[in-house]
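The values are calculated or read from the model by the stated rules, or taken from the named source; none is laboratory data. In this text the structure is predicted, and so the values were computed from the model without any measurement. Counting neighbours? That spans all protein chains shown, and the Cβs are built from the backbone with ideal geometry, glycine included. Note: areas computed on protein heavy atoms with side chains; ligands, DNA, RNA excluded. Shrake-Rupley method; radii C 1.70, N 1.55, O 1.52, S 1.80 Å.
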Amino acid sequence: MHRPLLTAGAIWRIADLLRGALQPDEYGPVILAFTVLRRMEQARTRPAAGLAGVAQAVDGLATFETLLARLPRSVQSIMTQLDVRALAHRLAQAELLDAVAAHFAALDLAPAHYGTEGMARLFEELVHHFTTSRGTGVHYTPPEVTDLMVDLVFATDTVPTRHDLYDPAAGTGALLGRAADRLQARGMEIRLFGQELGQQSCALCRADLLLRGQSPAQITQGNTLTEDGHGKRHFARMLANPPFGLDWRNIRSAIQAEHARGPVGRFPAGLPRLSDGSMLFMQHLLAKMRSPRHGGSRVGVVTHAGALSGGGAESGESAIRRYLVEHDLIDAIIALPMGMFVNTGIATYVWILDNHKPAARQGRVRLIDASFLWRRAMRSSGEKRREMTPGHLSAIMEACMAGAEMDVVLHEGEDGAAEHWDMLAADAPQEKAPCHDPDAPVTEVAKPPVPNDQDTPFDGGDGIDWPSSSRRVGFSRIVAGRDFLYRSLVVERPVHDDAPTRTVFLTDMAQDPHAWFASMIRPHDAEARLDMARAQVGCAISFPRYFHRPAPHRPVEEIVRDLHHSMDRLAALMPDMTGKKQAE
């Protein structure tokens, strides 16, 4: 018998039949549940009639109920989360249950033809199809961002090795699944663990683990911030893309109680603003780290710009950053291009956290500005307009692993995308450097040297003419973590018959407050007073501080020339006024 091609599109065609009987957001649970059922029945040593029996039965619904009752308890739990029974009843009422069962009974998902890895990949495609068709990207991490985090978090691991990988905001499991595929292709053995709040998303994630031959129980359901589903378990490797702008007002009492536990709780550093709990997930990841004496942990987590510098010195965000710096937990932060995510167009960053850094990296944080490494997405979706290539990821990895700060000589296309670039040490004169092309093989021939002046157009050598738009920009900087700390000082000035006015000044930590006040304030205001009782130590991470390159000043002669040209044009536009003046 001819069987349809095993593609996500071929399986998803059943959605045409479901229109009118179910709501569009219900297609996914039906398709994914029946895919799991078909795979399981073909994976059994002695396959039963299964879905074919449902399709041929006089009472298909009763036969389907019997089929569900015979499933292992873990699979029954997944079917319950997907609300399959209720959906099957509605399909039966619409006289479509037999047709749906027949569609899936005709699919060949046997392990003999498609192994665990192939089936897991198919399921991941189905889940992605489901999430994008619903018009949401809440749980979806761009594949290249997942690849980047995996490469950075597992950069120090050798093959063969085995790790448990954990995601506290697992969603439908796309991030964990892609990470497992990438690592298993390198010969690593990976067990997946996670937690997800949404019932349906959790069911899909569990089904994905089931199809990978892992235990669905490794994914727990519930709110990670109020109840840790994995208790006292710690992990050496973790990845997360927690929700941005998560309002935690409704769980405030539980979060505050956990914070009050201090060092033995999960949120000892501080509490962020109520309107955005993403940094609570970051603290939860810290609490799940293995101790350094047991090998430590490396973590990759996606955040927005507010996690770097949002809030003043007294804010919870600042306190959390200060905790990370003072405990030397930040290994690297990578600025991603804008427009990378389906559900947001804001600036995003990947943090790599490590509580067991090698001696050469201790006390230091590597900042990577990869915001220019992108190309236009082949297919836009939601807010996603840009994507990164393997060449882009390789350049970031090289900069992260290098012992020195790096610059790149960049040539941008008409749309602003990075077409070609050369990488070189930031303090080195520009010599030949390995060429990076987003679509070129790793063995690309090096491009010619360029001058050392930043943002200066240049011509190539060796018979190659470089576009005049090429320029040198900063790519990576190695910063002492303590440089992110600053002091917030309050200067008070008395006002007669009214409350005193207070002005806040931010100073470098190396600056003595009293010496600063004596030289900067006292000579100009004899009545001012430094209120050290209100002094605060804050922490902010500013990429512009280390990567901003102002445009070079224009020569005075060029400005004068332009002014004369503009005056001549104005005079030409007013001939009558000129003639009248001459007559007078």
task: Of the numbered conditions (1) under 23 Å from P142 (Cα atoms); (2) among the small types (G, A, S); (3) in a helix (DSSP H, G or I), A217 fails exactly one; give the number of that condition.
output: (1)
message: Consider the range 237-254. How many of its residues are open to solvent by 50 Å² or more (accessible area, probe 1.4 Å) and in a strand (DSSP E or B)?
response: 0
Tally, over the range 442-484, of residues that are modelled with pLDDT of 50 or more and open to solvent by less than 20 Å² (accessible area, probe 1.4 Å): 9
message: I need the full set of residues from the range 484-533 which are of a type in the set (D, E, K, R) and farther than 21 Å from E326 by Cβ, in order please.
response: E492, R493, D497, D498, R502, R522, D525, E527, R529, D531
task: Need at least 3 residues that are at pLDDT 95 or above and open to solvent by less than 60 Å² (accessible area, probe 1.4 Å) per element, so show me which strands (runs of 3 or more DSSP E) inside the range 485-540 make the cut, counting only ones lying wholly within it.
output: 485-493, 529-539
Top-ranked residue in the range 163-178 [being more than 19 Å from T116 (Cα to Cα) and among the aliphatic types (A, V, I, L, M); ranked as most open to solvent (accessible area, probe 1.4 Å)]: A169
message: Would you confirm whether or not the range 290-305 contains a residue that is surrounded by fewer than 21 Cβ atoms within 10 Å (Cβ to Cβ), within 29 Å of F547 (Cα to Cα) and small (G, A, S)?
response: yes
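Which count do you get for residues in the range 219-244 that are without any contact (Cβ under 8 Å) to a residue 12 or more places away in the chain and acidic (D, E)?
1
Table: residues versus (1) closer than 21 Å to L424 by Cβ; (2) open to solvent by 20 Å² or more (accessible area, probe 1.4 Å); (3) touching a Lys or Arg at 6+ places or on another chain (Cβ under 8 Å).
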residue: L367; (1), (2), (3): yes, no, yes
residue: F372; (1), (2), (3): yes, yes, no
residue: A377; (1), (2), (3): no, no, yes
residue: M401; (1), (2), (3): yes, yes, no
residue: D407; (1), (2), (3): yes, no, yes
residue: L410; (1), (2), (3): yes, no, yes
Pair list, Cβ < 6 Å and 6+ apart or interchain, from the range 35-56 residues that are of a type in the set (D, E) to residues that are at pLDDT below 85 and open to solvent by 20 Å² or more (accessible area, probe 1.4 Å): E41/P47
message: Against the conditions (1) open to solvent by 10 Å² or more (accessible area, probe 1.4 Å); (2) over 30 Å from K357 (Cα atoms); (3) modelled with pLDDT of 90 or more, where does A101 fall short? Just the number, please.
response: (1)
field: Any hit, the range 192-205, residues being without any contact (Cβ under 8 Å) to a residue 40 or more places away in the chain, part of a helix (DSSP H, G or I) and surrounded by fewer than 21 Cβ atoms within 10 Å (Cβ to Cβ)
entry: no
Filter result for F123 (at pLDDT 75 or above and either open to solvent by 10 Å² or more (accessible area, probe 1.4 Å) or part of a helix (DSSP H, G or I) (or both)): yes
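State yes or no: is V153 within 30 Å of M397 (Cβ to Cβ), open to solvent by less than 10 Å² (accessible area, probe 1.4 Å) and in contact with a strand residue (DSSP E or B) (Cβ under 6 Å, 6 or more places away or on another chain)?
yes
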- line: Given (1) crowded, with 18+ Cβ neighbours inside 10 Å; (2) within 21 Å of L274 (Cβ to Cβ), Y323 misses just (1)
message: Looking only at the range 206-236, filter to residues that are polar (S, T, N, Q) and in contact with a strand residue (DSSP E or B) (Cβ under 8 Å, 6 or more places away or on another chain); which one of those is most open to solvent (accessible area, probe 1.4 Å)?
response: Q221
- line: By residue number, the members of the range 293-328 that are farther than 13 Å from H356 by Cα and acidic (D, E) are E314, E317, E326
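Of all residues in the range 85-106, how many are outside any loop (DSSP other than H, G, I, E, B) and either under 15 Å from D16 (Cβ atoms) or not aliphatic (A, V, I, L, M) (or both)? Break it down stepwise before answering.
Here is the first cut: in the range 85-106, the ones outside any loop (DSSP other than H, G, I, E, B) are 85-93, 97-105.
Among the residues that remain, those that are also either under 15 Å from D16 (Cβ atoms) or not aliphatic (A, V, I, L, M) (or both) are: 85, 89-91, 93, 98-100, 102-104.
Residues flagged as outside any loop (DSSP other than H, G, I, E, B) and either under 15 Å from D16 (Cβ atoms) or not aliphatic (A, V, I, L, M) (or both) within the range 85-106 amount to 11.
Would you confirm whether or not the range 311-324 contains a residue that is without any contact (Cβ under 8 Å) to a residue 40 or more places away in the chain and of a type in the set (V, I, T)?
Checking the range 311-324: not a single residue is without any contact (Cβ under 8 Å) to a residue 40 or more places away in the chain and of a type in the set (V, I, T).
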query: Considering the range 340-353 alone, what residues qualify as being open to solvent by 10 Å² or more (accessible area, probe 1.4 Å), in contact with a strand residue (DSSP E or B) (Cβ under 8 Å, 6 or more places away or on another chain) and at pLDDT below 95?
result: V342, T344, G345, I346, A347
query: Do we have V159 as touching a Lys or Arg at 6+ places or on another chain (Cβ under 7 Å), open to solvent by less than 10 Å² (accessible area, probe 1.4 Å) and over 17 Å from R121 (Cβ atoms) here?
result: no
